[in-house]
Each structure stands twice: as C-alpha cells, then as structure tokens.
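Trainee: Submitted below is the structure of interest, expressed as structure tokens.
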Amino acid sequence: MTNQSIDSLLASLSLEQKAQLLVGGGNDGFAGSGAMLGHQKRLVAGAAGITVEIHEQAIPSIVMADGPAGVHIDPVRENVADTFYATGFPIGTALASTWNTALVEQVGQAIGNETREYGCDIILGPGMNIHRNPLCGRNFEYYSEDPILTGKIGAAMVRGIQSQGVGACPKHYAVNSQESDRTKVDERLSAKALREIYLRGFEIMVREAQPWTIMSSYNQINGQFVQQSYDALTTILRREWGFNGVVVTDWIGVRDTKAQVHAGNDLMMPGYPQQVQDIITAVNNGTLSIADVDTCVRRVLQLIIRTPRYNHYTYSDQPDLAAHAVITRQSATEGMVLLKNLGDTLPLRSQIRTIALFGVNSYDFASGGLGSGCVNTPYVVDMVAGLRNAGIATTPRITDIYQSYIPFATKKLRADKDPLMWFLDQGQPKLPELEISDRLIETEVTQADAAIITLGRQAGEGMDRTIEDDFNLTADEHQLIRRVSEIFRRERKPVIVIINSGSVIETASWQAYADAILVAWQPGEEGGNSVADILTGKVNPSGKLTMTWPIACSDHPSTRNFPQPMSLYDYKERQNWGTPIQFVHYTDHAEGTQVGYRYFNPNERPVAYPFGFGLSYTTFEYSRPSAKLQGDEVILSVTVRNTGSRSGKEVVQVYMGHELKAFAKTHELQPGESETLTMRVPIRLLASFDEPNSQWLLPADEYTFAFAASSRDIRLTKKIRLKQYTEPVNPVLLPK
Ligand code: BGC
C-alpha cells in the first residue's frame, strides 16, 4: 500500500475508528475490554494482546505475543488435539554471552519464524534494559551492563526476527532496570548517565535495525512518565534517532491518554474502553489535536499493512521445532561461561563414566525465567538426560531420590501458591532444595567418578531479587557444596558446579570448593544437552560474561539505591494491588555512569569475575593490532591465533578508556590457525556525553585502543590520533 492509499484510508476513518486503532483490543478483541497479561484468547490463545479490527475498512486485528526467549502462547487449546508449544531459546543474558551477533541473528530468525507460523505479527522482545544491579528480577531477559554490547546484540536480534516478515518490539524503553514499583517509580539520573548508559543501547539498535515497534516502559525518567513523554518518544526516539515505527505501551500502566497520543505513544496496550473515550473526548473538546491523532493512526496503519495478517499469510501452526531445537542447543552452548577449571578438570576425562548429581535444578533444570518472558516449551532436557545422551550415567540412588521429590515439590508449590503470585504459573519456579545427608554423599562417592552440583536461581517479572538466599547462597547450599567437595576430593574425584541462573550470584565464598564452575544460565529447552556438550568437550566454551560478577552484591554502588529487600514470599505484601505498602517512588542513580565494570575497573576494585571474562579449553595469542581512520569510522583489527591443542572460538573486546567500544568473535579456529578480525566503529560511538553543552563530544587527542580477552586482560594496544567530534542533542529529560 502506498502512502497515498494510507492517506485515503486515514481520511475514510471516523474519529471513533481512529481512537479504536490507537487502543488495543483487550481481552476479546473489541476496543479496550482490558486484559490480564497473556490471557488474550481471541485469534491466538495466550498471546499478550491484539489491535482492534475495523471491519468496514478491512483492517484486521494484529497479534502480539510475548518474547523474548521464544513465542509465549498457550501450548494447548480447548477441544483442539494439536499442541502449540514453542521453542525455548536461551534467555537474553545467555545469548549476549555468546558475543556472536551472527548467531544471535540466527536465533532471531528462528524466533521470527515461530512468531509467523503461530499466527502472530509482532513479538514483544528483545529485552534491552541495562543490568544496573544484579538484583533486578528481569536481568535474565536483558543482555548486559554495557550499552554497546546491548545495542549490537539487540540489533542482531531485531534483524533476525524481522527477516521473517514479522515485527520486533524491543523493550522496555527506557531506564527500566528494576521491577520493584515498576509502574510508578521515577528513575532520577543525570543526562550523562541517561545518554551514555541507558539510552545508547536502544539508540544503536534503532539506528542499525529499525524495529517495527518499540515498547515504552512503565517508569518515569526524571519526573516524566515515559509513556507520555514527548521528549522520550518524539524528540529523542524519532527526531534524534530516526525511529519510524510504532511506540507500544507496556501493558498495565494507564496514563493520561491525550498526553500519550501527543507524545507519540501510538498504541496503548492491552487497551481499555476508557482510553478510546478519552481520545474522542479530548479531540472534541480541543485538548488533543486531530493532527496528533492522525500522526499516530498513520503509523499504526503503516505497521498493520506490513504484517502477515494483513497480507493474508496462511500460517501453519507447525514451525519446524526439531530444526529450532538444534539452533537453541548450539546458541546456548556458545553462551555458557566457564569460570573456573582447576587442573583441566574439564573437559571430563574419558574414565569419568558415572556422575553423582546434586541440587534440585539438576533434575528440574530451568530453561528460562518467570513472568511474561517465559516460554511454554515442549520439553526441557535436564542434566540426567543431557549426560545420558552424552554416554554418561548418573548414580541411581540419588537420581531416584531427587526424581521422586520433584513432582511432589512441584505439586506442593502450586497448591500453596498465593493467587497474587500469578508469575508462578508463568514459567518454572525454583523448588526448595532437598537436605542431603553426609551418609548419602559417602555412599554416592563410592559409586561415582565425579560430582556435579547444580545451583539454581529463579527470578522474573514483577519482583526483584534479594541479597540473602538469592544473590548469596543459602546456608543449605553452602553446606552441600562444602560437604560434597570434602568427601569427593578426599577420594580425588572432581566436583563441578553448574550455575543454572538467569543472573549473577555470589561465588567468592565457595568457589574454592569447586574444581570447575560453569555458568549455564537458563539456556532454553535443550539445557542439559548444551551443558553436556561443554562438559564432554564436544564444544569448547567460548562465552564471556556480559556483566561483572562482584564479590558482594553491595560492592556495586547502585546497591545502595536499589529497592531492598523483596523476596518471592513477601512479594504479595508489597504488590500495588495487594496489601498497601510504602514505596519510595523514586530511585536515585547516585552512581551515575559508574555502572558495572565502569565502576569496578577504573577504581581497581576486586571482583569475583570481571566483565568480559570466560575460560576456554585452548589458548589464543593476539598480534598485529591496528587502528585506522576511514571516513567517519575507526577500523580496528587484530589477528588471533589458536596456540593450544583444541579447536575453539575467541571473543576479542576493544576498550577505549575503560569502555567497551567494539568486539568480534573468531570462527572455530583449529590448533595453529589464525584469523584477522576487523571491527568498524563509528566515531560518534567513541564520544562521551558533555552535559553542560548537551552534546556528544570527542576532544581532539591521541586515543589508545586496548585489544583484550576480558576487561581485565588487555593483550595489545594501538594508539590513534583523532580530530574533535561533536554532536549536539536536545537538552531534554533532564533532572529537576
Ligand atoms: C511486561 C512486558 C510484556 C507485557 C505483555 C508487561 O507487564 O513488562 O515485558 O511484554 O507485560 O505481557
């Protein structure tokens, strides 16, 4: 459809119809009946929402399903024999830890394909908020504490999804780095922190990948609700960055409707009747211009005509789940991060045939997180199956004990569930650990060649994590690791810890008890197979951390201003719609830009594992660093040679003044093989934010680029002289 025909379509719509197009279809597809998350039943059951059909003009409803780790829809439907399970892909953190944009794009293609084949038009992802603090409950959906990495991985994901003819909806724009009080909280921060840390990733993604839509977050920024902020949605997003898609609200925050339309928040989801009425009234009484309404309606129409549903695409309801299982297995494996490997414990020696598996998550392996970001997967490969598929047995007694416990514990958890804790039905909550006696460990050691302990964590939408018993280990977990370690090491049998968590946990106090530690994240439905691929050496680990692992959570300066404490079990006490509670409705970003490694590295603070860290089974040597100016880009290159005896991939990171500026990953290098990696960095990404002058500024100077294996393992440097660069931006969203 041409612009002209959009114009004539627009001209044919009544004010009521226009208002309906700007307000989602709620529960039943008619303007604004309201909807509980994921409870939409019309068109595609379990999708998050739909727009309203305008029958007379043949404008169909389009369907939005949650992501970001796969298509979140109901797996079974009443009176329908077929099932609608979707592939559970690795969570955001795991994907970013691959540092492999081509691989992420491939995952995006598979997710986009399932979106289309399950009859959806838009997938609500990727999640691109910054890991400001390890306690954010949704960090698992997000990529990193670093904006450049977030932007590049996000852009790759958007490109992949949209290559399938469906839209992405990167979220939650912006500064939505906490769940506590998320629908109201005012994020107070400097313009420098806002621009450099919290907006930059979105900016890179918008400029590189032009998402069809973007989701405006619930929170306020410096006193303005994002969803009704002209500064955020029009001045910055559209004027400065050139976004030309549709802004979709996040789901449960109702704002001043006319202010939203004026701000350029085109579509209000899930949609309430009052919002339709608000638009009509505001236009009629002159407080909202019809020009503002038309601008949003035009964009919504432009979106709709791109969708499969408008173009009468016949979806199969049968995506190729087997092919996608291969993709999720490979990408998950590549995102796993090996933190420790004492005396080459891994890959497992061939004489290790039987393993004693400890920890409930070994048997109830978490493929993803909780809340809207969960996926109803056809299955999850646990550690028992993963090891078995790799030819390794588990000891029968403890396997049996845990396997009998899991269904019992699952049933109990669901039975005891408080109705307010809806997220327990959205994903796989963590089951309480079983107490394991020394006697049992003593029996196990006689039958096993090694021990694996899986430490599990679960978090998700609507709640943040606590330091005690979540970031930190519980007393029982400590005890388990210590006892297993003492008993197995006494027999010279190795102890391996697998971390099955969406985000960071404490490691410093117990790491000495483990011979090897692997961060498996929440790696999607093939989890156990992906872990086994690393343990057996079928795949050489090449993931690197996308966030700092601190010694204590309080080492992060942001912890001082992060809402605390809030555990799963006092969550209901603190819900907006539950018992009234006192929130401080703002968060001070006193740390400014000192987020993650930007604080730890320049200040030389000790950490457990630094940003960018990850071990391999082989070694790499860097040579021939180069930095050249070409037009408005710096071209960086370095040669990487595999100097070890196994094939493997290496992630090279390039830092300028302690900040990541570029990265690249080699292909699988055979022993002795080299590859020259080339990275192109626009000069504008080298600039920092000059607050007094509201501009990006790179002063003329000589700059050093550090080619590094992690943010604390710089291998080579190269200097280059650069001219001054400035780029003025609008002085908006400033602190009061
Ligand atoms: C979440 C979004 C999600 C939406 C629809 C919201 O509460 O914050 O991430 O896409 O619900 O389910």
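Trainee: Need a quick list: strands (runs of 3 or more DSSP E) entirely within segment 643-689 having at least 1 residues that are among the acidic types (Asp, Glu) and within 25 Å of the chain's Cα centre (by Cα). Before you say what the answer is, go through the steps one by one.
Mentor: Working: elements: 651-656, 659-665, 674-682.
Output list reads 659-665.
Trainee: Next up: Does at least one position in segment 478-491 carry a residue that is modelled with pLDDT of 95 or more, buried (at least 19 other Cβ atoms within 10 Å of the Cβ) and either under 23 Å from CYS553 (Cα atoms) or within 16 Å of the ligand (Cβ to nearest atom) (or both)?
Mentor: Checking segment 478-491: at least one residue is modelled with pLDDT of 95 or more, buried (at least 19 other Cβ atoms within 10 Å of the Cβ) and either under 23 Å from CYS553 (Cα atoms) or within 16 Å of the ligand (Cβ to nearest atom) (or both).
Trainee: I would also like to ask the following. Go through VAL539, VAL484, VAL495 for me and flag whichever is more than 23 Å from the chain's Cα centre (by Cα), in contact (Cβ under 8 Å) with a residue 12 or more places away in the chain and under 30 Å from GLY127 (Cβ atoms). If you could, list the steps in order and put the result at the bottom.
Mentor: Working: VAL484 fails: under 30 Å from GLY127 (Cβ atoms); VAL495 fails: under 30 Å from GLY127 (Cβ atoms).
Selected residue: VAL539, the only one of VAL539, VAL484, VAL495 that is more than 23 Å from the chain's Cα centre (by Cα), in contact (Cβ under 8 Å) with a residue 12 or more places away in the chain and under 30 Å from GLY127 (Cβ atoms).
Trainee: Quick test for you: out of SER509, SER501, SER530, pick the one residue that is of a type outside the set (Asp, Glu), in the same structural domain as ARG388 (by TED's automatic domain parsing) and open to solvent by 10 Å² or more (accessible area, probe 1.4 Å). Give the derivation first.
Mentor: On the way: SER501 fails: open to solvent by 10 Å² or more (accessible area, probe 1.4 Å); SER530 fails: open to solvent by 10 Å² or more (accessible area, probe 1.4 Å).
Matching residue, one of SER509, SER501, SER530: SER509.
Trainee: Further question: I'd like the full set of residues that are out of contact with any Leu (no Cβ under 8 Å at 6 or more places or on another chain), at pLDDT below 85 and within 19 Å of ASP66 (Cβ to Cβ), limited to segment 1-32.
Mentor: Once the filter is applied, which keeps residues that are out of contact with any Leu (no Cβ under 8 Å at 6 or more places or on another chain), at pLDDT below 85 and within 19 Å of ASP66 (Cβ to Cβ), segment 1-32 yields GLY26, ASN27, ASP28.
Trainee: Right, another one. Identify, by number, the condition in (1) closer than 26 Å to GLY108 by Cα; (2) over 16 Å from the mean Cα position of the chain (by Cα) that ASP181 doesn't meet.
Mentor: Only one criterion is unmet by ASP181, namely (1).
Trainee: Separate question: Please verify whether segment 384-395 includes one or more residues that are open to solvent by 10 Å² or more (accessible area, probe 1.4 Å), out of contact with any helix residue (DSSP H, G or I) (no Cβ under 7 Å at 6 or more places or on another chain), in a loop (DSSP other than H, G, I, E, B) and farther than 20 Å from GLY92 by Cα.
Mentor: Checked against the condition, which is being open to solvent by 10 Å² or more (accessible area, probe 1.4 Å), out of contact with any helix residue (DSSP H, G or I) (no Cβ under 7 Å at 6 or more places or on another chain), in a loop (DSSP other than H, G, I, E, B) and farther than 20 Å from GLY92 by Cα, segment 384-395 yields at least one hit.
Trainee: Go through segment 98-150 and give me each residue that's of a type in the set (Phe, Trp, Tyr) and over 21 Å from ASP250 (Cβ atoms).
Mentor: Answer for segment 98-150, where residues must be of a type in the set (Phe, Trp, Tyr) and over 21 Å from ASP250 (Cβ atoms): TRP99, TYR118.
Trainee: Okay, moving on. Can you list the strands (runs of 3 or more DSSP E) lying wholly within segment 107-219 that have 1 or more residues being within 12 Å of the ligand (Cβ to nearest atom) and among the hydroxyl-bearing types (Ser, Thr, Tyr)? Walk me through it before giving the result.
Mentor: Details: elements: 122-124, 186-188, 213-216.
Here the list reads 213-216.
Yes or no, residue by residue, for (1) in contact (Cβ under 8 Å) with a residue 12 or more places away in the chain; (2) within 16 Å of the ligand (Cβ to nearest atom); (3) assigned by TED's automatic domain parsing to the domain that holds TYR118; (4) not in a helix (DSSP H, G or I):
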residue	(1), (2), (3), (4)
ILE352	yes, no, no, yes
SER362	yes, no, no, no
GLY368	yes, yes, no, yes
VAL381	yes, no, no, yes
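Trainee: Is it true that some residue in segment 710-723 is of a type in the set (Asp, Glu) and without any contact (Cβ under 8 Å) to a residue 40 or more places away in the chain? Steps first, answer last, please.
Mentor: Initial filter on segment 710-723 (of a type in the set (Asp, Glu)): 713.
After this cut, where a residue has to be without any contact (Cβ under 8 Å) to a residue 40 or more places away in the chain as well, the list is none.
No, the conditions are met nowhere in segment 710-723.
The values are calculated or read from the model by the stated rules, or taken from the named source; none is laboratory data. Everything numeric here is computed off the predicted structure, so don't read it as measured data. Virtual Cβ from ideal backbone geometry, glycine too; neighbours counted across all protein chains shown. Heavy atoms of the whole protein, side chains included, go into the accessibility calculation; ligands, DNA and RNA do not. Shrake-Rupley method; radii C 1.70, N 1.55, O 1.52, S 1.80 Å.
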